[in-house]
Structure formats: structure tokens, C-alpha cells
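The values are calculated or read from the model by the stated rules, or taken from the named source; none is laboratory data. On a predicted model such as this, the values are computed, not experimentally measured, just so you know. For neighbour counting, all protein chains shown are included, and Cβ atoms are generated from backbone atoms with ideal geometry for every residue, glycine included.
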Amino acid sequence: MIRPVTAADAAAIAAIYNEYVRHTTISFETEPLPPEAMRARIEEYAARCPYLVDEENGIITGYCCAHPWKERAAYFRTWETTVYLHPQHQGRGIGTRLMQELIGRCCAAGCHALIACITADNTASREFHRRLGFSQVSHFHQVGCKFDRLLDVVDYQMLLRGGNIIPVHTP
């Protein structure tokens, strides 16, 4: 069941997210996020943009959200997306369903552009976003460092107009 997030989901979401923080370069955070900090982040993001969880039998299996891409006022219709799944629930279509619902809600809320910021060597996420209709629009070299590795970041973008995805053409 996909539903809007609540503050009560913070501990479960933090547990999912912190697996990626501790063990992967998918998140550039280097320290696990306490549930209280995740609750504050949820409240901040959900007040302005869609934030969804997938719940099965009372267990949060994944979540996704949109949040402002940049803080300057001119960017108000451009949001960044985030999606994380519990590792035991990957490969079952949950991420696709979550993101499709998120994209629809972003469009309905007046968002015009979605950005996904992805570690360049995360080929699974890059392909996932391509399948959803995102296009790669940037490649930043060695802008992050985690686990003593310099990491590249790529941005993927999707344009939304009138409930439709507009292809982004890149050189």
C-alpha cells in the first residue's frame, strides 16, 4: 500500500536510509541519521512536497519524496527526488510504483522539473531513472568523497507539463 508519510514513520525510514549511509556510496551522508533528525526532515519536506511510503503488513518497505532542488525563489517549481527501498524488498517493483505515484503527485502539485542526483557508479539507479523517463543532464567529476573514494555525480531530469512527461534533449 502506497500512502503519504507520517511522522510516526521516521524510525522505519531512518533504518532503511541508514543502511545506505553505513554501507554504500549511494548516499553522501557519512553518519547515520537518528530517527529524530529524520522526523524533522520528513516534516520539512512533506509540508511542501509529496512524500510517500510503501507499507506491507505494517512494515515500511520503501519510501520516496520530493523536496526543493535549490532554496532560491526562482527554483520553486523544480524539485529533487529521493527513493530508497529496504534491501530485502528490492526487485519487486515497489520503487517503480512509488516513483510513478510521486511523479503524478508532483505534476498535480504544479512541479515543472524533477531532478535525481545519483552517484555515477550506481548503474542500477541510473537505469531505473531512465526507465521512468528521466534523462541524464550532467556529470560532475570527483565531487564527493566517501570511504576514501572520490566519487562522480550525475543528474537526471524529467520535465512535467499538463500531466505529461516532456523529453529532455541533451547534447
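Data for the structure
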quantity: Given (1) among the β-branched types (Val, Ile, Thr); (2) within 23 Å of residue 29 (Cβ to Cβ); (3) at pLDDT below 95, number of the condition residue 168 does not satisfy; calculated: (2)
quantity: The listed residue being β-branched (Val, Ile, Thr) and either more than 28 Å from residue 159 (Cα to Cα) or free of Cβ contacts under 8 Å to residues at least 40 places away in the same chain (or both), out of 2, 26, 16, 103; calculated: 16
quantity: Pair list, Cβ < 9 Å and 6+ apart or interchain, from the stretch 80-94 residues that are over 15 Å from residue 15 (Cα atoms) and in contact (Cβ under 8 Å) with a residue 40 or more places away in the chain to residues that are crowded, with 16+ Cβ neighbours inside 10 Å and among the acidic types (Asp, Glu); calculated: 94/54
quantity: Condition met for residue 105 (basic (Lys, Arg), surrounded by 11 or more Cβ atoms within 10 Å (Cβ to Cβ), more than 18 Å from residue 29 (Cβ to Cβ) and touching a Gly at 6+ places or on another chain (Cβ under 9 Å)); calculated: no
quantity: The stretch 35-64 - residue that is among the aliphatic types (A, V, I, L, M) and not in a helix (DSSP H, G or I) and, of those, farthest from residue 103 (Cα to Cα); calculated: 59
quantity: One residue from 137, 168, 143, 153 being part of a strand (DSSP E or B) and farther than 27 Å from residue 19 by Cβ; calculated: 137
quantity: The stretch 116-136 residues that are within 11 Å of residue 152 (Cβ to Cβ) and modelled with pLDDT of 95 or more, paired with ones that are in a helix (DSSP H, G or I) and among the small types (Gly, Ala, Ser) (beta carbon under 7 Å, 6 or more apart); calculated: 118/125
quantity: The stretch 67-88, residues that are modelled with pLDDT under 95 and under 18 Å from residue 127 (Cα atoms); calculated: 87
quantity: Meets criteria (under 25 Å from residue 132 (Cβ atoms), in a loop (DSSP other than H, G, I, E, B) and touching a strand residue (DSSP E or B) at 6+ places or on another chain (Cβ under 8 Å)) for residue 30; calculated: no
quantity: Scope the stretch 72-102; condition surrounded by 16 or more Cβ atoms within 10 Å (Cβ to Cβ) and not aliphatic (A, V, I, L, M); matching residues; calculated: 78, 79, 80, 81, 82, 84, 86, 89, 95, 101
